[in-house]
1. Return the long-range amide H neighbours of S48 (sequence gap of 5 or more, or a different chain), with a cut-off of under 5 Å between placed amide H atoms.
2. If you count only protein heavy atoms and use a 1.4 Å probe, how large is the accessible surface of C54, to the nearest 10 Å²?
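The values are calculated or read from the model by the stated rules, or taken from the named source; none is laboratory data. Computed from a predicted structure; not experimentally measured. SASA here: full protein model, heavy atoms, side chains in, ligands and nucleic acids out. Shrake-Rupley method; radii C 1.70, N 1.55, O 1.52, S 1.80 Å.
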Amino acid sequence: MARPSSHPFDLLAARFAQIFADRISAALPAAGRNGRAGAPRGRKLDMSCRYPGCKNRSKGPRFKFLCADHLKLPKKEQEAVLAKWAQKNA
């Protein structure tokens, strides 16, 4: 551990750093119960595959909410499946 210095500039710098840290920590939102600040809130996305009867997890919105197996389908068939899902869940 470093030995505290009695030099006036060192004392001033340490005091400034402490005040700065206190103000920054007061301005930041409090961490959640699980220790992550900024955890997502609100509704959760339905990450299931949009293909009828498929129980796999989709790859998310970037991949049209289809699983890896159904991303291999032809594009027209993918669009038909997505249109049918949207009509059913509208």
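1. For S48, whose amide H was placed from the backbone, the distant partners under 5 Å are S58.
2. Only protein atoms counted, so the area is about 30 Å².
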